[in-house]
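Quick notes on the structure that follows.
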Amino acid sequence: MSIYKYLIVIPLLLVLTGCGAQISKEVVSQDQASNPKEVIQTYTMNEVSLHNSKDSCWLLLNGKVYDVTPMIDGHGGGDAILEGCGTNATELYETRPMGSGTPHSKKAYTFLPNYYIGDLEQ
């Protein structure tokens, strides 16, 4: 048998015996191992409540935890943001009772991902 026949016969045997499928599975699992899915950090409400000051301000908004400490000094509503530190600030954020009484702007919502650190533990 010439070498060219082996080039056809060996891959055919691999496919027929299922070895080709096994090789594909191994390649996929190795790829998945090198690119694991992002793990989302979770926090309890007790953990959030510990961050209740200008020096460390976490807010819970709609089940998501945000560390807004870096933006406190630049907050358009001034110190009103401090009312939400360490709390479920969803209602405050959506109604702004200390300010205009209206929800935050769409622009304000676009900034939230910059401060997202995790979800509330269920």
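The values are calculated or read from the model by the stated rules, or taken from the named source; none is laboratory data. Everything quoted here is computed from the prediction, not taken from an experiment. Quick reminder, even Gly has a Cβ in these numbers, built from the backbone with ideal geometry, and neighbours come from all protein chains shown. Areas reflect the complete protein model, heavy atoms only, side chains present, ligands, DNA and RNA absent. Shrake-Rupley method; radii C 1.70, N 1.55, O 1.52, S 1.80 Å.
At 1.4 Å probe size, with every protein chain present, just tell me what the per residue accessible area of the stretch 64-122 comes to in Å².
63 Å²
Cross-link candidates for Lys54: which aspartates and glutamates have Cα within less than 17 Å, leaving aside residues fewer than 8 places away along the same chain?
Asp67, Asp73, Asp79, Glu83
Taking θ = phi - 60°, what integer Hz values does the Karplus form 6.51 cos²θ - 1.76 cosθ + 1.60 yield along the stretch 105-122, in sequence order, with x for Gly and Pro?
6, 4, 4, 4, 5, 5, 7, 3, x, 5, 10, 5, 10, x, 10, 6, 5, 8
Within the stretch 60-101, list the residues whose amide N lies under 16 Å from a label point set 7 Å along Cα→Cβ of Thr42.
Residues passing the 16 Å test: 63-65.
Please work out how much accessible surface Glu83 shows to a 1.4 Å probe, ignoring ligands, DNA and RNA, in Å² rounded to 10.
110 Å²
At a Cα cut-off below 15 Å, give the aspartates and glutamates reachable from Lys64, other chains included and same-chain residues fewer than 8 away excluded.
Here the aspartates and glutamates satisfying the reach criterion relative to Lys64 are Glu47, Glu91, Glu94, Asp119, Glu121.
Among residues other than Gly78 whose Cβ falls under 14 Å from its Cβ, what is the net charge (Lys/Arg +1, Asp/Glu -1)?
Net of charged neighbours comes to -1.
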